[in-house]
Structure formats: structure tokens, C-alpha cells
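What follows is a short report on a single structure.
The values are calculated or read from the model by the stated rules, or taken from the named source; none is laboratory data. Keep in mind that this is a model prediction, so the values were computed, not measured. When we count neighbours, we look across all protein chains shown, and the Cβ atoms used for this are built from the backbone with ideal geometry, even at glycine.
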Amino acid sequence: MKKTSLLIARSLLALGFVAFGMVAHAANDLPGKGVTVQPLKSSLAEEAFQTLLVMRALEKLGYTVEPMKDLEPATEHLAIANGDATFMANHWSLLHVDFYKNSGGDAKLSRKGVYSDGAVQGYLIDRKTAEQYNITNVAQLKDPAIARLFDTDGDGKADLTGCTPGWGCELAIEKHLTAYQLRDTVTHKQGSYAALMADTIARFKQDKPILYYTWTPYWVSAVLRPGADVVWLQVPFSSSQGGENVDTQLPNGKNYGFQANQEQIVANKAFVEKNPAAGKLFEVMKLPIGDINAQNLRMSQGANTQQDVERHTDGWIRVHQQLFDGWIAEARAAAR
């Protein structure tokens, strides 16, 4: 009788260890269980893809992820620093440097790893006009005759399709207009970038000269193809925004007026310290610029609803399942 009781006790104990192991394993698989996350993006709809991919990975780790909210970059950084939101997936390491510093910098924010590398920006004109008038540099727009080629409203000044106020790029463009003495001959057109670019593309299709600012990753460069349809203009010298003037010449020797940027995931520092799994995820995720461009192009062609972006994101994960699972595994390991 005693022997039977001992066997039963051992069996129950063994089952207890198995159950405990299963609970521990589940906790390791879902280190974010019970924790709510608030993602942010800017008003730029094309940032949803990158953001949703991070959200999907966080959900896989057990986090409760709220729908993403739209704020402009300066406010995004501040909200995350104050703990009113958790992360943004579209922080430009150089363009947003002042937003980062002004929101508390490394004391309140966390940015590790590179989510997307090699983001470039600058000024472009249509290739036909560039070749006909041998235009290669924005400084040539000081010539009223050259500037008038890009006049869209009849005031004799070139109209530059510029940057939406609040994004950060408008500050750099404004500095360039002064530094390169273009105030008298160039007008910086600001407003809804998508609407302004729609007009610019329409002008191009009408075989009219165009002058615009853009960046990659973004769908514009898939429609107006650099080297084929349009050409990058260089600047006469480096004049970057911020206190210290840094060299903006790129590794290929060209100088488009902007340093090559890295896109990073910026998160609330206190959240990352309490959630090492999420912190590691933010650090290891990497998304090629070409993939972002391709998804953004699909949005520009009409597949731009929330359901469309979710379908694009889930499709990307299926195609890159091994890579995605690797991110999750690294994140889970960091929580143990």
C-alpha cells in the first residue's frame, strides 16, 4: 500500500513539474502577455506598412497592440518620451535628430539597430530638361532664365514641390534656399505632399519641366525613375540643418544636400527596460528599402486601404517567414 502511494505521489510530482514546465514555456513564448503597446506613425499613409510589421511581431510575442495613431514627427517623439505612446518605426536618424534631442534624447528614448538603411533624399528635375539645358546643380536655379523653366504659376520663379510642414525636411529645404541664394528665383511649395506630387506627376506626363524634393523609401521614385525619367541635382556645397554643418557628400561622391539616413525604431526607454523582448525585437528587425518602395507603389496604385496594407504585411511575412521567426526567437531569448 505504501509502495503504491509512493508511486502515485511521484507520478503527481512529475506531472506537476511537467505542468510547471509548460507554464514556464508559455511565459517565455509570450513575454508580452498582459502588456499593452501604443504604436505611432506620421500622417504619411505609406508609413503604415513598416509600422504594422512591427505590430505583427509584437503580437506574436503576446503584447496587446492598439491600433496605430497618427501624429507629426516632433509630437511623435515627445509622446513616446512622455510614455503616452510606446514606439514609432519611422525615425530618421539624421532628419529627426532635433526632435529626438528635444524630447529628452537617450535619457527618455531608445533607438538601437537599423530598421531600414540607405534612405536618401534630395532635389530632382525631369531628365529631358536637364539634358536640354545641361542642368546638374541646384545653384543653376539662381539664373532667372533657368528658374523660369520650372515656373508653374506665372510669377517668373521656379516652383519647387517641397515638404509638408512639420516633417523636418522643410527646415532643411528652407536652409538650402538661403545658403544657395535661391530666395529670389525659387518658391518652396508646401502643403499636402501627396497632392503636390500628383500635380507634379501630371505635369511630367504633359511633357512639362518639373522640380521636386523627394526621398527613398517612397513610391515616387518607382513612378519617376531616377536616371530614366528624372535626375538628381547636386548642391554646390554642404549645408545641412542643425547646429553643426556636416559633410553631405555620399559614398558615391555625389552631394545631393542631405546625408544618407537610417530609419530606426524609437521606443520609450522605460518600456524597453521593462520589456527586454520588445527591446531586442526593435533592435534586430530589418526591412529592405526596396521592399518598402514596392509596397508604397502598390498603395499609390490604389491598394491603400487598411485591409490592403494588412494583406501586404501578412504577405511579406509569409514570404520571409524564416527571417520573421528568427526575430521572434531572438526576442524570446532576451526575455529569459
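Return a yes/no flag: does the range 91-98 have any residue that is within 30 Å of Phe204 (Cα to Cα) and within 19 Å of the chain's Cα centre (by Cα).
Looking for residues that are within 30 Å of Phe204 (Cα to Cα) and within 19 Å of the chain's Cα centre (by Cα), one finds at least one in the range 91-98, hence yes.
Hey, does the range 50-64 have a residue that's at pLDDT below 95, surrounded by fewer than 20 Cβ atoms within 10 Å (Cβ to Cβ) and either among the hydroxyl-bearing types (Ser, Thr, Tyr) or part of a helix (DSSP H, G or I) (or both)?
Looking for residues that are at pLDDT below 95, surrounded by fewer than 20 Cβ atoms within 10 Å (Cβ to Cβ) and either among the hydroxyl-bearing types (Ser, Thr, Tyr) or part of a helix (DSSP H, G or I) (or both), one finds none in the range 50-64, hence no.
Quick one: which strands (runs of 3 or more DSSP E) sit completely within the range 178-296 and have at least 1 residues that are out of contact with any Leu (no Cβ under 6 Å at 6 or more places or on another chain) and within 30 Å of Thr36 (Cα to Cα)?
Of the strands (runs of 3 or more DSSP E) lying wholly inside the range 178-296, those with at least 1 residues that are out of contact with any Leu (no Cβ under 6 Å at 6 or more places or on another chain) and within 30 Å of Thr36 (Cα to Cα) span 261-268.
Mind checking which residues of the range 162-177 are in a helix (DSSP H, G or I) and touching a residue at least 60 places away in the same chain (Cβ under 8 Å)?
If the condition is that a residue be in a helix (DSSP H, G or I) and touching a residue at least 60 places away in the same chain (Cβ under 8 Å), then Cys169, Leu171, Ala172, Lys175, His176 are the ones that fit.
Do you know which of the residues in the range 238-253 that are under 19 Å from Val138 (Cα atoms) and surrounded by fewer than 14 Cβ atoms within 10 Å (Cβ to Cβ) is modelled with the lowest pLDDT?
If we take residues in the range 238-253 being under 19 Å from Val138 (Cα atoms) and surrounded by fewer than 14 Cβ atoms within 10 Å (Cβ to Cβ), then Asn245 is modelled with the lowest pLDDT.
So is Pro217 under 30 Å from Phe49 (Cβ atoms) and surrounded by fewer than 18 Cβ atoms within 10 Å (Cβ to Cβ) or not?
It is false that Pro217 is under 30 Å from Phe49 (Cβ atoms) and surrounded by fewer than 18 Cβ atoms within 10 Å (Cβ to Cβ).
Restricting to the range 70-100, what's the tally of residues that are of a type in the set (D, E, K, R), modelled with pLDDT of 95 or more and surrounded by fewer than 21 Cβ atoms within 10 Å (Cβ to Cβ)?
Within the range 70-100, residues that are of a type in the set (D, E, K, R), modelled with pLDDT of 95 or more and surrounded by fewer than 21 Cβ atoms within 10 Å (Cβ to Cβ) number 2.
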